[in-house]
Amino acid sequence: MRRSLREEFARRVVVADGAMGTMLQAADPTLDDFTGLEGCNEILNVTRPDLVAAVHREYFAAGVDCVETNTFGANLAALAEYGIEDRVHDLSEAGARVAREVADACTAEDGRPRWVLGSMGPGTKLPTLGHVAYGPLRDAYQQNAEGLVCGGADALLIETSQDLLQTKAAVVGARRALDWIGLDLPVIVQVTVETTGTMLLGSEIGAALTALEPLGIDMIGLNCATGPAEMAEHLRHLARHARIPLSVMPNAGLPVLTSDGAHYPLSPEELADAQEQFVREYGPALVGGCCGTTPAHLRALVDRVRGAAVLDRSPAAEPGAASLYSHVPFRQDTSYLAIGERTNANGSKKFREAMLDGRWDDCVEMARDQIREG
């Protein structure tokens with residue numbers, strides 16, 4: 001039996017792998033390998049599992065504890081672009097099965113346990129912006145998660161989250177899948193904070209924590225978009241306030257555009273330096289890499305943190321509510337709390353008519369009028 005990842009997160013820092021897409025591209029798969037669906041890496045789980053397995057083996061050879069399945073795009077929106085959205089489950093299961101076989105083979109060789117993280121990516125449609133309805137998105141994530149678990153994943157990793165409603169759909173879909181199958185596996189969420197300091201739709205890290213932690217996830221963290229330097233402040237916030245374990249998987253720095261495409265500037269030692277500092281100061285239980293990271297980066301990271309204990313944090317949770325954009329603490333700094341009640345359809349005919357007509361600027365201006373009136 002494989003040791004529980006929850007137990008492992010409590011014992012020591014666990015190291016995951018790095019980039020998958022660039023490794024597959026380096027293997028130079030043919031258009032036939034993609035069955036004409038060029039760029040759909042998930043189809044390689046079926047047509048060229050040997051290529052996918054080779055990537056997993058390289059990362060395990062570098063010393064990592066976990067690999068992510070090649071299923072980042074095995075979701076409704078991404079597969080719909082190729083017209084194969086009905087294959088969410090089988091491509092997810094195939095990707096998990098490839099990773100599971102490699103993990104078990106490596107464990108059989110030396111007895112060291114390895115784990116498989118079922119990758120659940122964000123897709124290309126944002127429900128908050130009306131690109132896709134919540135219900136179909138949630139149901140497709142349930143199929144995604146069911147396939148990953150049936151293929152042998154030890155945990156579900158909802159990663160590169162850009163829209164909190166999309167993230168919620170993925171978490172709820174994952175929970176439904178686990179309930180249906182009858183297993184209790186960790187559900188990990190990693191949000192992506194851009195160089196602007198917020199997620200793509202403007203959510204700051206406090207809003208993400210307030211919205212996601214009550215969903216019963218096992219771990220929250222950051223991945224993609226930036227290098228470790230740009231993640232530090234957001235990770236610090238999570239370390240201070242999150243009551244659940246943390247993860248961090250940065251890119252190898254901010255990409256630099258060259259004539260050969262994007263180049264990620266951080267060397268393996270530089271990435272390892274940054275992650276070692278994160279482990280000492282903020283206490284993540286799961287570390288790894290994202291875009292631009294290679295087996296060499298992960299080998300350097302393993303050398304630095306293998307066997308390290310997880311920092312004993314004392315988080316100060318701040319009760320509050322979150323909009324899409326920010327966390328608002330349940331705290332009064334004045335002697336009374338004034339609530340403007342004119343912005344509702346029952347209390348104001350003017351507001352109701354503006355709302356029904358879709359004149360949102362007028363609605364906002366009515367709220368601002370109340371603020372100006374004190």
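Quick notes on this one:
- Pairwise FRET efficiency - residue 107 versus residue 366, Cβ, R0 = 56 Å, nearest 0.05: 0.35
- q = 0.09 Å⁻¹: log10 I(q)/I(0) that the Debye formula gives for the chain, counting C-alpha atoms only: -0.53
- Given charges at beta-carbon only (K, R positive; D, E negative), |dipole| of the chain in Debye: 1120 debye
- Protection proxy ranking, peptides 131-139, 112-120, 351-359, average beta carbon neighbours within 10 Å, highest first: 112-120, 131-139, 351-359
- Packing, taken as the mean count of other beta carbons within 10 Å per residue, orders the peptides 279-287, 231-239, 361-369, 291-299 from highest to lowest as 291-299, 279-287, 231-239, 361-369.
- In the chain, the longest principal axis of the Cα atoms and the axis of helix 360-372 are about 60 degrees apart.
- Segments 185-192, 308-315 sorted - mean Cβ within 10 Å per residue, highest first: 185-192, 308-315
Every number here is computed from the coordinates shown, using simple stated rules; none is lab data. The shown structure was predicted, so the numbers you read here are calculated from the model rather than taken from an experiment. Don't worry about glycine lacking a Cβ; one is built from the backbone with ideal geometry, like all the others, and counts go over all protein chains shown.
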